[in-house]
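Throughout, read-outs are computed from the coordinates displayed, never taken from laboratory work. Owing to the predicted nature of the structure, the values given are computational and were not obtained by experimental measurement. Backbone-built Cβ (ideal geometry, glycine too); neighbour counts: all protein chains shown.
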Protein chains: 2
Amino acid sequence: MGKQRVSVILFDGFQLLDVFGPVDLLSCLPDLFEIRFLGPENAPVASSPGFAVSVTDRRDAPPDPDIVLVPGGLGTRTLVQDEPFLAWLADYASRASLITSVCTGSAVLAAAGLLDGYRATSNKRAFDWVTTHGKSVDWIRQARWVEDRNRWTSSGVAAGIDMTAALIRHLHGAEVAKKASDFLELEVHPDPAWDPFAR
Amino acid sequence: MGKQRVSVILFDGFQLLDVFGPVDLLSCLPDLFEIRFLGPENAPVASSPGFAVSVTDRRDAPPDPDIVLVPGGLGTRTLVQDEPFLAWLADYASRASLITSVCTGSAVLAAAGLLDGYRATSNKRAFDWVTTHGKSVDWIRQARWVEDRNRWTSSGVAAGIDMTAALIRHLHGAEVAKKASDFLELEVHPDPAWDPFAR
């Protein structure tokens, strides 16, 4: 398997750790993953606390994706109503072999129709809001993350790191995943059913 | 206690999660912490995988700090030899009530003379290199993080998140710290002696 391109979809008000947890883990394996940050313009995109991150590609000239990652954050509240963006995302993500989200990013996937007929999860505090999106999505409340065919969705924020570790394990085996998490001195939760935050 | 200003020292080649783990946790408490990103210029600063982050303040016109945080990353290898930077850091950090580092950021603190006579820890893979810096630093290999008076240093990358949770606990109590970590669906290691990465 060659290097896989991971397209991270940035938007105003994304949650920092939703992006940089997965990205820092994937960045430990630069021979396996190439990460791109897609934004609406060639300008830095502001996270929910305001800190801005540079983009590598504009959405209207995006690289071919192998993996699409949609983070969560307060900005998802407006993104789920942005029809042109959702149409773009539905088309773009359909070209990827894996479609993933962290936290309330699954509301965006659902709003784009990308979770219809799939099992999925999301942030537990925003769960009731998230689950109003999409048609016939089988929303799982008690889960650190949910894998259903090529859709991987995680619970809130830090859960994205565990999902990413599992994704690396799935693609490249446990040894490679452990190499990356050890590099970050990171203890990973390997059980997708572990979820003390579901209450 | 009023809002505390946290000055994060950015430099070329910082490790993403060293910054955004602590920052995302502190950002859950915007009434308690105001976070600033200090860079050498008014231009985005590149992380070790390349992704750039905007700064809020230049080092030559910095805000008064309550807490200084120095992340690690490959860029520390050159920073520990940058005498003008180290002199600036020694002066600037001495104005803060708490001086903290994540990962190999403690090599930078040590090189600036800020850990002389203190106990400290660092990244476990880089430990032998880190501990060549500073004079009479009592380096602790087996520790998730080390607190010694107003110097708090953590082990590699993800350990910075646990140290930050402990710092919030120390400053504002367990309930506030749990509010922040629950918001991120984050399981924190509360024991500074927990360190499976020390081998």
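Packing here is the average count of other Cβ atoms within 10 Å per residue, and on that basis the peptides A:45-55, B:165-175, A:184-194, highest first, run A:45-55, A:184-194, B:165-175.
Using 0.36 nm times the number of residues separating A:Arg119 and A:Lys179, minus their current alpha carbon distance, what extension gain do you get? Here the segment from A:Arg119 to A:Lys179 would lengthen by 18.6 nm. The simple spin-label model puts a point 7 Å past each Cα toward its Cβ; for B:Gln142 and A:Asp138 those points are separated by 4.7 nm.
In straight-distance terms, cross-link reach from A:Lys3 covers every one of the lysines whose alpha-carbon lies under 23 Å from its own, apart from those fewer than eight places away in the same chain; here that gives A:Lys178, A:Lys179. Sorted largest first, the principal axis extents computed over the alpha-carbon atoms of region B:100-141 equal 23, 15, 14 Å. Contact order, relative form, for region B:4-183: 21 percent (alpha carbon pairs under 8 Å, 6 or more residues apart, mean separation divided by residue count).
Taken residue by residue and averaged, Cβ atoms of other chains lying within 10 Å of the Cβ of A:152-161 number 4. Extent along the principal axes, Cα only, for region B:5-116: 36, 31, 25 Å, with the longest axis given first.
Distances between copies of B:Asp31, taken at a point 7 Å out from Cα along the Cα→Cβ vector and listed shortest first: 5.1 nm. Here region B:123-199 and region A:128-181 have alpha carbon centers that stand 27 Å from each other. Ranked from shortest, the separations from the 7 Å Cα-to-Cβ label point of B:Arg149 to its equivalents in the other copies are 6.3 nm. Annotation: amide H of B:Ser47 within the under-5 Å range of B:Gly13, B:Ala52, B:Val53, sequence separation 5 or more or interchain, hydrogens built in the peptide plane. Averaged over the residues of peptide B:10-22, the number of Cβ atoms from other protein chains lying within 10 Å of each residue's Cβ is 4. Amide H contacts of B:Arg119 (H built 1.01 Å from N, in plane; Pro and chain starts excluded): B:Asp138 sit under 5 Å, all sequence-distant by 5 or more or on other chains.
Annotation: amide H of B:Gln4 within the under-5 Å range of B:Phe33, B:Glu34, sequence separation 5 or more or interchain, hydrogens built in the peptide plane. Beta-bridge orientation, the protein assembly as shown: approximately 25 percent antiparallel, per DSSP, counting only bridges with both partners inside. The calculated pair-distance distribution of chain A uses every alpha carbon pair, bins of 5 angstrom beginning at 0, and gives 1, 8, 18, 22, 22, 16, 9, 3, 0 percent.
Each Cα pair of region B:86-181 feeds into the Kirkwood radius, which the Stokes-Einstein equation turns, at 20 °C and 1.002 mPa s, into a diffusion coefficient of 160 µm²/s. Working note: 222 nm ellipticity from helices only, DSSP H runs with n ≥ 4, each -39,500 (n - 2.57), summed and divided by the residues of chain A, gives -8500 deg cm²/dmol to the nearest 500. So if we plug the beta-carbon distance of A:Thr78 and B:His170 into 1/(1 + (r/R0)^6) with R0 = 25 Å, what FRET efficiency do we get, rounded to 0.05? So the FRET efficiency works out to roughly 0.10.
Nearest beta carbon of chain A to the A-to-B rotation axis, with distance in whole angstrom: A:Phe20, 2. When the P(r) is computed for the protein assembly as shown, the part past 27 Å accounts for 46% of the Cα-Cα pairs.
A straight line joining the Cα centroids of region B:21-44 and region A:1-72 runs 20 Å. The orientation-averaged shadow of the Cα convex hull for region A:1-62, equal to a quarter of the hull surface, comes to 4.2 nm². Remark: label point of B:Lys179 defined 7 Å out from Cα along the Cα-Cβ vector; separations to the same position in other copies 4.4 nm, ascending.
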